[in-house]
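Undergrad: One structure, as structure tokens, below. Some questions next.
The values are calculated or read from the model by the stated rules, or taken from the named source; none is laboratory data. Predicted model only: the values in this text are computed from it and were never measured. Counting neighbours? That spans all protein chains shown, and the Cβs are built from the backbone with ideal geometry, glycine included.
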Amino acid sequence: MNKINIINFLFIVIFWIGNSNANSLISYQSVYEIELDNERVVKNTFGTPYIKQANGQLLLDWFDNCSSWVSNQRMNLKFINSSGVGTLSDINYSLNEKYDGSEMTFALQVKENNMIKQRINGKAEKNKKVKVKLFDNREKELEFSGDIIFPHQHLKSIISNIKDDKKIVSHRVYEGSIPEKFLNVSTFINNKTVKLEKKLLTAGISNKFWIVRMAYYDENKQTPEMELTAHINQQGFVSFFKYDYPSYSLKMKLKKVVLSPTKCN
């Protein structure tokens, strides 16, 4: 997986966390600080440059439009490698998924050092098959098997299994970060719970977070492309992310969250 896809993948996986159980979802705006996990030991790279520094910020805006969940996200991330070469990524992503998981639309734009590297709009519909239309320089149609689900339905399943005390959940998920592929996702739920500093939360957000670890596989590959550890509550809100890639790890820590009022009849 190349660097652009890794960044897209990191960014859009967050949507899976932010939308979970339709009965307890909260609409909110939040800010996370991103940093390199300096506790991870860098293996011998035999002269190949490795990531020495990473920092940035993620802005999320989630809201219920009364028939679907809408997400607008922006991430700024700066990498500096061991040779002193820096890369600045600016990623904008929006997604709209219907409550019942039958349809989703998404738009993704990736800039690297202020140059557009990727711009894609897409629409996916689920019936007996999952059909996807991509709109880039030209329209392209894809078809996947009907057992593939979208991000919202995936997280509904995870939250349900947290409540039912089931430890392992596996799904095939299409979410658009790698537009022509789906991902196999294995989720491991730990009984252990943690709490966040109260000053970082606002009234209405539960301060009981389960430790959930997810492994993301590219179709039939046996080795995961990435592993994610998240501290997630039963409202689908996450206080902490840790992304483990083959050669480095990133942490995202909550800086601020504000609830957004929802007015649906």
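Undergrad: Would you mind telling me which numbered condition in (1) in contact with a Ser or Thr (Cβ under 6 Å, 6 or more places away or on another chain); (2) under 23 Å from residue 55 (Cα atoms) residue 225 fails?
TA: Here residue 225 meets the rest and fails (1).
Undergrad: Tell me which of these residue 191 doesn't satisfy, since it passes every other one: (1) in contact (Cβ under 8 Å) with a residue 40 or more places away in the chain; (2) out of contact with any Gly (no Cβ under 8 Å at 6 or more places or on another chain).
TA: With (1) in contact (Cβ under 8 Å) with a residue 40 or more places away in the chain; (2) out of contact with any Gly (no Cβ under 8 Å at 6 or more places or on another chain) applied to residue 191, the lone miss is (1).
Undergrad: Considering only residues that are more than 21 Å from residue 117 (Cα to Cα) and either loosely packed, with under 14 Cβ neighbours inside 10 Å or β-branched (Val, Ile, Thr) (or both), which ones fall in the range 51-96?
TA: Selection gives 65, 66, 67, 70, 83, 84.
Undergrad: Suppose we filter 30, 20, 71, 24 for residues that are touching a Lys or Arg at 6+ places or on another chain (Cβ under 8 Å) and either among the basic types (Lys, Arg) or modelled with pLDDT under 90 (or both); which single one remains?
TA: 20
Undergrad: One residue is enough: does the range 43-50 have a residue meeting the conditions touching a residue at least 40 places away in the same chain (Cβ under 8 Å) and either within 19 Å of residue 111 (Cβ to Cβ) or within 22 Å of the chain's Cα centre (by Cα) (or both)? Don't jump to the end; show me each part of the working.
TA: Of the range 43-50, the ones touching a residue at least 40 places away in the same chain (Cβ under 8 Å) are 43, 45, 50.
Subsequent filtering for residues that are either within 19 Å of residue 111 (Cβ to Cβ) or within 22 Å of the chain's Cα centre (by Cα) (or both) retains none.
The answer is no, given that none of the residues of the range 43-50 is touching a residue at least 40 places away in the same chain (Cβ under 8 Å) and either within 19 Å of residue 111 (Cβ to Cβ) or within 22 Å of the chain's Cα centre (by Cα) (or both).
Undergrad: Can you tell which of 143, 180, 139 is exposed (fewer than 13 other Cβ atoms within 10 Å of the Cβ), touching a strand residue (DSSP E or B) at 6+ places or on another chain (Cβ under 8 Å), within 26 Å of residue 68 (Cα to Cα) and in contact (Cβ under 8 Å) with a residue 40 or more places away in the chain?
TA: 180
Undergrad: Oh, and also: What about residue 217, is it touching a helix residue (DSSP H, G or I) at 6+ places or on another chain (Cβ under 8 Å) and at pLDDT below 90?
TA: Answer is no for this residue.
Undergrad: Spot the failing condition for residue 92; the list is (1) closer than 21 Å to residue 29 by Cα; (2) of a type outside the set (Gly, Ala, Ser); (3) modelled with pLDDT under 90, and only one is missed.
TA: Tallying (1) closer than 21 Å to residue 29 by Cα; (2) of a type outside the set (Gly, Ala, Ser); (3) modelled with pLDDT under 90, residue 92 fails exactly one: (3).
Undergrad: Okay, next question. Taking the residues in the range 218-256 that are acidic (Asp, Glu), farther than 16 Å from residue 34 by Cβ and assigned to a strand (DSSP E or B) as candidates, determine which candidate is farthest from the chain's Cα centre (by Cα).
TA: By that ranking, first place goes to 218.
Undergrad: Which ones in the range 157-213 are among the small types (Gly, Ala, Ser), within 19 Å of the chain's Cα centre (by Cα) and not in a helix (DSSP H, G or I)?
TA: 170, 176, 177, 186
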